[in-house]
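*Asks:* Sharing a structure with you now.
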Amino acid sequence: MGNIKYLQGDFINSEAILTKTLPYLKKIKKPRYAWYVYVLLGDNYYSTDDYSNSLLYYKKALNLKQSNFKKTKVLIYIAAVYIEQKKYEKAELILLVLSKKKDIYLKDKKLNDSEYARILYHLGLSYLRQGKLEAIDYFNRTLKIQLESEDYDALIETYKSTALFYQNINLKKSKQYAKEAYKISLKKNAISNKIVSLKLLIETSEGAELKKYSQEYLKLHDSFNTAKLKAKNQFARIKYDYNREQEENLQLKAQTIDNELQLERQKNRNFVLYIIISLILSLLTFLYFYLKLKGKKQKNDAIFESDRRISKHLSDELTNDVYQTLTYAENCDFQKDENKEKLLSDLDTIYSRTRNISKEHSLISTDKNYEIALKEMISGFKTPELNIILNGFDLISWDNIEKNKKIILYRVLQELFANMKKHSQATLVSINIKIIDKNLTIIFNDNGVRTKNSTPNFKNGLQNVENRIKTINGNIIFDKNSEKGFRISFSFPL
């Protein structure tokens with residue numbers, strides 16, 4: 001693409017396209033692609049009179065590992081740049097060394113001769129620019145080779161330079177060579193070469209020929225200037241488009257960088273979020289195990305407390321009776337029947353109390369027989385002096401209540417009856433059970449001796465009642481305004 005633009009005379013776009021290839025050249029192992037790019041860049045800069053950059057890229061191409069033929073071509077280009085820079089000694093040093101080589105390292109003889117002719121031509125051009133007569137010898141040798149090889153493009157340049165050499169020495173010969181250059185220019189339709197050739201013919205002609213060449217020159221010159229102006233405008237548009245493209249590329253790069261920064265920020269935010277989530281999960285895991293261990297400890301504490309209460313109960317209820325019975329047995333005369341009967345009666349009393357305590361702390365049936373077991377436990381507190389009324393028990397679907405809640409209810413009622421029996425001297429107890437807003441509500445009421453507006457004595461077992469209800473997310477209310485007796489209501493979610 002860069003070469004096409006160069007051949008079209010679009011040097012600015014050619015340079016822009018070739019510049020885009022530079023980052024990729026480092027990734028290519030074979031150096032010939034870099035050589036093509038560097039040489040073409042050098043040609044672009046040479047064509048726009050930018051000899052410094054032209055020399056820079058020609059030297060880059062020269063430093064690559066290439067064939068001797070390619071090195072020779074580049075050395076000729078470098079010499080041409082030195083001639084334009086008027087560094088004739090440097091140009092001649094290169095060209096004289098090359099001119100002494102019999103072989104330009106290429107198998108195709110025509111190309112060999114063509115490159116050798118270029119060496120000779122540039123030597124002649126260097127001498128011509130310095131006004132040295134040796135120039136004509138090199139031009140003649142060049143023309144001979146180019147005529148044999150039919151290298152017409154190169155012949156135009158050589159004829160023009162030879163005509164210039166004779167311009168101040170022999171006008172006839174100058175006109176002859178200018179005509180040859182003009183003929184080939186017509187054949188190749190090379191406008192710029194035709195103009196230069198016509199200018200030489202005008203300077204060496206008279207009369208009708210002078211008029212003829214002058215008219216042709218003016219016609220071509222106007223046409224060339226118009227084409228040049230169009231090309232200039234085209235180059236301006238190309239340069240504008242290129243600059244706009246560069247600006248768009250810069251904006252695109254800026255947008256890309258901004259997007260990358262946004263992505264990086266998002267990654268950082270995600271990283272921080274992951275850390276926070278990890279910390280929260282770790283905290284939740286810690287809390288889970290902590291609460292689990294705490295619950296286990298509370299359960300163990302409850303078991304310990306239950307064992308302690310059983311032990312205390314046994315101690316309170318039986319220790320004194322057992323001690324008195326043992327004392328009686330040691331000192332009693334069992335020869336008498338009444339003594340034997342008293343001992344048996346005392347032992348029977350101890351047995352009955354022991355059995356009742358055992359029933360209080362035994363395992364609770366939570367299956368379909370739960371309602372029967374609950375009623376039997378309550379009826380166990382009934383005496384000739386105490387009546388118990390139950391309301392709503394048969395309306396409850398006990399199978400739908402969780403096992404642990406059944407156990408809590410059983411123990412709470414057991415605790416309330418034990419507390420009532422021990423402290424209230426009640427003759428009537430009523431228990432109402434009903435379901436309100438998906439909560440099981442129990443109202444316990446007795447007519448025992450109480451003081452109005454008094455706070456219940458939790459030390460008498462009621463603290464255990466409250467603790468048990470709270471373990472199942474329940475609520476408990478002690479009625480302080482009851483004029484007589486004791487009233488408590490509690491509820492828990494089903």
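*Asks:* Name the residues in the stretch 235-285 that are closer than 30 Å to GLN8 by Cα and modelled with pLDDT of 90 or more, would you?
*Replies:* none
*Asks:* A follow-up question, please. Take the stretch 435-460 and flag every residue that is modelled with pLDDT of 85 or more, touching a helix residue (DSSP H, G or I) at 6+ places or on another chain (Cβ under 9 Å), surrounded by fewer than 15 Cβ atoms within 10 Å (Cβ to Cβ) and of a type outside the set (A, V, I, L, M).
*Replies:* Within the stretch 435-460, no residue meets the criteria.
*Asks:* If you check ILE195 against the conditions, is it under 22 Å from SER47 (Cα atoms), in a helix (DSSP H, G or I) and assigned by TED's automatic domain parsing to the domain that holds THR142?
*Replies:* yes
*Asks:* Within the bounds of the stretch 17-38, is there any residue that is out of contact with any Cys (no Cβ under 6 Å at 6 or more places or on another chain), aromatic (Phe, Trp, Tyr) and within 23 Å of LYS86 (Cβ to Cβ)?
*Replies:* no
*Asks:* Right, here's the next one. Looking only at the stretch 37-55, how many residues end up being loosely packed, with under 15 Cβ neighbours inside 10 Å and over 13 Å from SER14 (Cα atoms)?
*Replies:* Looking only at that region, the number is 2.
*Asks:* Which of the residues spanning the stretch 1-35 are in contact with a helix residue (DSSP H, G or I) (Cβ under 6 Å, 6 or more places away or on another chain) and part of a loop (DSSP other than H, G, I, E, B)?
*Replies:* Listed by number, the list holds a single entry, MET1.
*Asks:* Is at least one residue of the stretch 382-401 in contact with a helix residue (DSSP H, G or I) (Cβ under 8 Å, 6 or more places away or on another chain), among the basic types (Lys, Arg) and under 17 Å from PHE444 (Cα atoms)?
*Replies:* Checked the stretch 382-401: no residue is in contact with a helix residue (DSSP H, G or I) (Cβ under 8 Å, 6 or more places away or on another chain), among the basic types (Lys, Arg) and under 17 Å from PHE444 (Cα atoms).
*Asks:* If you take the residues in the stretch 152-165 that are within 18 Å of GLU115 (Cα to Cα) and touching a Lys or Arg at 6+ places or on another chain (Cβ under 8 Å), which one is surrounded by the most Cβ atoms within 10 Å (Cβ to Cβ)?
*Replies:* So, considering only residues that are within 18 Å of GLU115 (Cα to Cα) and touching a Lys or Arg at 6+ places or on another chain (Cβ under 8 Å), the one surrounded by the most Cβ atoms within 10 Å (Cβ to Cβ) is ILE156.
*Asks:* Mind checking which residues of the stretch 140-164 are in a helix (DSSP H, G or I) and either charged (D, E, K, R) or over 22 Å from LEU186 (Cα atoms) (or both)?
*Replies:* ASN140, ARG141, LYS144, GLU148, ASP153, GLU157, LYS160
The values are calculated or read from the model by the stated rules, or taken from the named source; none is laboratory data. Keep in mind the model is a prediction, meaning the values are calculated, not measured. Here the Cβ is made from the backbone with ideal geometry for all residues, glycine too, and neighbour counts use every protein chain on show.
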